[in-house]
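Inspection log for the structure reproduced underneath, given as structure tokens.
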Amino acid sequence: MTTLIYTLTFVVLISGTALYLTRNHWVPLMPGADYIYYSSLPLSSNTFSEDLESGLSSSNFDLTSNIASNDSRAGLDDAAKNEILKIMKKKRMQFDQARKVYMEQRFAANGIGADGRPKDPKFVSFS
């Protein structure tokens, strides 16, 4: 009986350790993983240079010109920035891809198709 308890304890400890060490691979596959999966996000970057350091720039979305011209604006929108960083972290995407996914999600939430045209059946367009 004692051997069974020790064996069971050993198997549980080894299994738990293996699951803990490989959690980055299997936790995102679980339903509701965005609730369980913790990723630290920077707290309110207020300048373009902080946004650039966070990886929120690319050749298509270049912030260096804003920094070079000493732009006094507050930087990128915090809510959008956090959502794009979540997408980048969760789906392991580059900034441009994550920005595209974020915009498509915003379009879908507002009744706009991925091509930029409204999904409203009453919409009339003259080309």
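The C-alpha atoms of the chain define a longest principal axis, and helix 95-109 lies at about 80 degrees to it.
Rounded to the nearest 10 degrees, the inclination of helix 2-21 to the longest alpha-carbon principal axis of the chain is 20 degrees. Judged by the mean number of other Cβ atoms found within 10 Å, the most tightly packed of the peptides 60-68, 107-115 leads the ranking 60-68, 107-115. In this structure the amide hydrogen of Ile112, modeled in the peptide plane, comes within under 5 Å of the amide hydrogens of Lys119, none closer than 5 places in sequence on its chain. For the chain, the number of Lys pairs with C-alpha atoms closer than 28 Å, counting only pairs eight or more positions apart or on separate chains, is 13. Listed values for segment 68-83 are Karplus-derived 3J(HN,Hα) couplings in whole Hz (6.51 cos²θ - 1.76 cosθ + 1.60, θ = phi - 60°), namely 5, 8, 6, 4, 8, 5, 7, x, 6, 4, 4, 5, 5, 4, 5, 5, and x replaces Gly and Pro. Among the listed values (1) 64; (2) 50; (3) 54, the one computed from these coordinates for percent of Cα pairs over 20 Å apart is (1).
The residues packed around Pro118, meaning those with a beta-carbon under 15 Å from its beta-carbon, carry a net charge of +1 if Lys and Arg are +1 and Asp and Glu are -1.
No lab work stands behind these numbers, since they all come straight from the coordinates. In this text the structure is predicted, and so the values were computed from the model without any measurement. Glycine also receives a Cβ, built like all others from the backbone with ideal geometry; neighbour counts cover every protein chain displayed.
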